[in-house]
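None of the figures in this text is laboratory data; all of them are computed from the coordinates on show. What you are looking at is a predicted structure, and each value in this text was computed from that prediction instead of being measured. Note: ideal-geometry Cβ built from the backbone for every residue, glycine included; neighbour counts use all protein chains shown.
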Amino acid sequence: MKTNILGLPVEASQSIVNELNVLLSNYQVYYQNLRGIHWNIKGKRFFDLHLKFEELYNDSQLKIDLIAERVLTLGGVPLHTFEDYLENSTITIGKNIFKDEKAIHLIVNSLSHLLIIERTVFNAATAINDEGTSSMLSDFIGEQEKTIWMMQSWLEEGI
């Protein structure tokens, strides 16, 4: 079995690169959704939600950079055009969302979708002992599960 400079199987690493690019694409759409609801939110909860959405999109931006850098570390090329993102993303696009509950539902659904992708990549990375990718995704998963819990608590829906 041929390995790369990191000691990981080349073919399996390329597969993980492909899946990370799918994750990157979905994150880019999620990020843009967050920007949109940050700009467009209206109502009595505006001040709190405006700040929360900014916190979330800043966190997303950091994760996007980490994903792209991991793709590069594994020897791949991160996707970087809107065309690529839209072609490879399956996350719901939130357009013209002004209402608080609709915005929070979009976030919860988006994070749930990202978790599915992250767990798939995590399992593939773990199978080849790719601790770098596994660790990064483990951190993402833990944070997102907590955010989902908080958002659902805000909605008073529970898990």
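Being surrounded by fewer than 18 Cβ atoms within 10 Å (Cβ to Cβ) and in contact (Cβ under 8 Å) with a residue 12 or more places away in the chain is the filter; apply it to the stretch 106-127 and report the residue that is nearest to Arg35 (Cα to Cα).
The qualifying residue nearest to Arg35 (Cα to Cα) is Asn109.
This table checks each residue for (1) in a helix (DSSP H, G or I); (2) hydrophobic (A, V, I, L, M, F, W, C).
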site	(1), (2)
Ile91	no, yes
Lys95	no, no
Glu101	yes, no
Leu106	yes, yes
Leu111	yes, yes
Arg119	yes, no
Asn123	yes, no
Thr126	yes, no
Thr133	yes, no
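Just a yes or no: is a residue in the stretch 3-18 surrounded by 13 or more Cβ atoms within 10 Å (Cβ to Cβ) and over 26 Å from Asn129 (Cβ atoms)? No, the stretch 3-18 has no match at all. Within the stretch 71-87, if we keep just the residues that are over 15 Å from Ser134 (Cα atoms) and among the aliphatic types (A, V, I, L, M), the residue that is surrounded by the most Cβ atoms within 10 Å (Cβ to Cβ) turns out to be Leu79. Remark: Leu51 matches the filter, which requires a residue to be over 25 Å from Ser138 (Cβ atoms), of a type in the set (A, V, I, L, M) and free of Cβ contacts under 8 Å to residues at least 60 places away in the same chain.
For the stretch 70-79, the criterion of being of a type in the set (Lys, Arg) and in contact with an Asp or Glu (Cβ under 6 Å, 6 or more places away or on another chain) is met by none of the residues. Looking only at residues in the stretch 53-70 that are of a type in the set (D, E, K, R) and within 12 Å of the chain's Cα centre (by Cα), the one that is surrounded by the most Cβ atoms within 10 Å (Cβ to Cβ) is Lys63.
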